[in-house]
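> Below you will find the structure I want to go over with you.
What follows is calculated from the coordinates using simple rules that are stated; it is not laboratory data. Given the structure is predicted, the values throughout are model-derived calculations rather than measurements. No Cβ is skipped: glycine too gets one built from the backbone with ideal geometry, and neighbour counts run over all protein chains shown.
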Amino acid sequence: MEFFVISLLNGISYGLLLFMLSSGLTLIFSMMGVLNFAHASFYMLGAYLAYSIAGTIGFWPALIVAPLLVAGAGALVERFGLRTVHKYGHVAELLFTFGLAYLIEEGVKLVWGLAAVPYRIPPELDGPLFTVFTSSFPKYRAFMMLVSLAMLLGIYLVLTRTRIGLVIQAALTHPEMVEALGHNVPRVFMMVFGGGAALAGLAGVIGGNAFVTEPSMAAAVGSIVFVVAVVGGMGSLVGAFIASILIGVLQTFAVTIDASAATIFAGLGMTVTDATPLSSLWKLTVAQVAPVLPYLLLVVMLIVRPRGLMGTREG
């Protein structure tokens, strides 16, 4: 019971962080049809900016200021970069964002160095929130969950209860009509891209000190973000949420399981030895293959349901 509760909470908290990171990518794709390879770089930029701001004026101002700065950077990228290459098609957009990811990474190395920076959890959020038998659940994990859920509620309210949200949804399917009604659709696109970058920056603010803030952090999460987006369905926020929780819980439980196929065979009275064909494969534990489980899920999803769990857009 203790193992199940703590692992489930850790999995959900990790999944919610994945959703915070992937929601911006999903929002940008659903609105603009742009698959932003530099999205994880905005996550890294948010973490580094939060580290610098927190060291000067504290963590709580950094929680607000860093995502806003990343949003400004994203808006500038859309206005002076993506908008220029858009007329050349999706391949040009992909190449642009791919190159941008490298530029951001090298810029981070020039400003903050090659080593990990000491971005710490704020003292008031450090320590256990509650204890289940002998295992404790950290305050900061609960804080990450709270921020992620607040962000989910905020996105829902903005898209469904505000004028700008209605304009964004209308521009998704009928951009010419929206422009004919007097709305500046290119400006809406710039706001959406900046908002998506801000969500990635916010994930960096609360994820950078929970894990490690270093120049390779974007590469570490970049692939998993695309897995979430594809499994959930490109362009579907609901699908991204379901896929994030699924992958977060799956990986969290998997890394704690030491059983292998050889263990199952032993229970059936069959012994796996070095002479057994593919013996090294049968001896692999679930914990050892945990890092590749999301990608196996991706392969299965592409075979069974290529559009993802909740996908409605084909690209």
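> Taking neighbour Cβ counts within 10 Å as the exposure measure, how do 271, 162 sort from fewest upward?
271, 162
> Right, another one. By count of other Cβ within 10 Å, fewest leading, how are 174, 86 ordered?
Fewest-to-most ranking of 174, 86: 174, 86.
> Rg and Dmax of the chain, Cα atoms, in Å?
According to the Cα coordinates of the chain, Rg and Dmax are 21.2, 74 Å.
> Just from its helices, what would the mean residue ellipticity at 222 nm be for the chain, if runs of 4 or more DSSP H residues each count -39500 (n - 2.57) and the sum is divided by every residue, rounded to the nearest 500 deg cm²/dmol?
Calculated at 222 nm, the ellipticity per residue is -22500 deg cm²/dmol.
> Using a Förster distance of 41 angstrom, determine the FRET efficiency expected from the C-beta separation of residue 88 and residue 129, and round it to 0.05.
0.20
> While we're on this one: Using per-residue counts of other Cβ atoms within 10 Å, averaged over each peptide, order 58-69, 15-26 from highest down.
Working: 58-69: 17.7, 15-26: 27.6.
Highest to lowest by the protection proxy: 15-26, 58-69.
> By counting other Cβ atoms within 10 Å of each Cβ, how are 28, 257, 104 ranked from fewest to most?
Details: 28 28, 257 15, 104 21.
Ascending number of Cβ neighbours within 10 Å: 257, 104, 28.
> Calculate the spin-label point distance for residue 289 paired with residue 102, positioning each point 7 Å from the Cα along the beta-carbon direction, and give it in nanometres.
Rounded to a tenth, the inter-label distance reads 3.5 nm.
> In addition: Take peptides 45-51, 246-252, 263-269, 291-297 and line them up by average Cβ neighbours within 10 Å, highest first, as a rough protection proxy.
Final packing ranking: 45-51, 246-252, 291-297, 263-269.
> Could you compute Rg(Cα) / (2.2 N^0.38 Å) for the stretch 183-287, with N its residue count?
For the stretch 183-287, the normalised Cα radius of gyration comes out at 1.62.
> With labels modelled as points extended 7 Å from the Cα through the Cβ direction, what inter-label distance (nm, one decimal) is found for residue 174 paired with residue 300?
4.1
> Between residue 270 and residue 152, what FRET efficiency comes out of the Förster formula 1/(1 + (r/R0)^6) with R0 = 45 Å and r the beta carbon distance, rounded to 0.05? Mind dumping the intermediate values first?
Numbers: r = 47 Å, r/R0 = 1.05.
After rounding, the FRET efficiency stands at 0.45.
> Quote the FRET efficiency, to the nearest 0.05, computed for residue 64 versus residue 282 with a Förster distance R0 of 51 Å and r equal to the Cβ-Cβ distance.
Working from the Cβ atoms, E equals 0.50.
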